[in-house]
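The values are calculated or read from the model by the stated rules, or taken from the named source; none is laboratory data. Because the structure is a prediction, the values reported are computed rather than measured. With ideal geometry, Cβ positions are generated from the backbone for all residues, glycine too; neighbour counts draw on all protein chains shown. Note: areas computed on protein heavy atoms with side chains; ligands, DNA, RNA excluded. Shrake-Rupley method; radii C 1.70, N 1.55, O 1.52, S 1.80 Å.
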Amino acid sequence: MEIRTPRLTLRSAGPDDLEGMHAVLSDPRATLWWSTPPHETLEQTAAWLDGMIANGPDHPDFVIELDGRVIGKAGFWRLPDVGYILHPDLWGQGLAAEAVGAAIDHVFATRDIESLTADVDPENAASIRLLERLGFVRTGFGERTWNVGGVWKDSVFYALSRSDRKTKAPA
Ligand SMILES: CC(C)(COP(=O)(O)OP(=O)(O)OC[C@H]1O[C@@H](n2cnc3c(N)ncnc32)[C@H](O)[C@@H]1OP(=O)(O)O)[C@@H](O)C(=O)NCCC(=O)NCCS
């Protein structure tokens, strides 16, 4: 399964993505608001990647490639909840909007699903801005939803309906 956007290729994960994904998941800047602390070993990332691969090639969860380099992931480890992470070297260029937008459009085009969700740390300004730009609307707040490395984190919950994506997404 492969999706092309103007700058990116989104494709199913494979074992060769280990080093690229480890560079992302071991970077403390990238995992500051992630559901786990930075990966310390390649084995940790291998287990994470195995989970993604085990979902199967038709599952809408994608490794992101830029010019042949693996720079992150975007999609749905479990529908309907979206997840994404990009290498910090590539932030601020609209690449997440491009990748996550493509993954969302793919799901709405291929699945009988009316609404997608997201769970984000209230301090994660970039992720919140990204979700709102894609048309997500805030639906709630949860206290102490995640324990990451011994620290409790809160969540803001978001949802995106098919019609919100159609009407609110940028052209
Ligand atoms: C969230 C993340 C994927 C955004 O990636 P990105 O490629 O830099 O995002 P984009 O360039 O597409 O920007 C999306 C929007 O967020 C805004 N934004 C980016 N960084 C920001 C920041 N630090 N603070 C506030 N807004 C920010 C952009 O300006 C843009 O808004 P605009 O369209 O109004 O200009 C990236 O920061 C990341 O990987 N973070 C770590 C992992 C993570 O937190 N994942 C989400 C878990 S819920």
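A few remarks follow.
- Among residues of segment 119-141, those that are away from the ligand (no atom under 12 Å from the Cβ) and either polar (S, T, N, Q) or out of contact with any Ser or Thr (no Cβ under 9 Å at 6 or more places or on another chain) (or both), counted: 2
- Looking across segment 131-171, the residues that are within 15 Å of residue 34 (Cα to Cα) and either of a type in the set (Lys, Arg) or out of contact with any strand residue (DSSP E or B) (no Cβ under 8 Å at 6 or more places or on another chain) (or both) come down to 144, 148, 149, 150, 151, 153.
- Of the strands (runs of 3 or more DSSP E) lying entirely inside segment 1-79, those containing at least 3 residues that are within 23 Å of residue 146 (Cβ to Cβ) span 69-78.
- Each residue in segment 3-56 was checked for being at pLDDT below 95 and either of a type in the set (Asp, Glu) or surrounded by fewer than 12 Cβ atoms within 10 Å (Cβ to Cβ) (or both), and 1 of them qualify.
- Among (1) open to solvent by less than 60 Å² (accessible area, probe 1.4 Å); (2) part of a loop (DSSP other than H, G, I, E, B) - the single one residue 131 does not satisfy: (2)
- Inside segment 119-128, residues that are of a type outside the set (A, V, I, L, M, F, W, C) and crowded, with 16+ Cβ neighbours inside 10 Å make up a count of 4.
- Candidate set from segment 80-118 (those that are assigned to a helix (DSSP H, G or I) and away from the ligand (no atom under 14 Å from the Cβ)); member that is surrounded by the fewest Cβ atoms within 10 Å (Cβ to Cβ): 109
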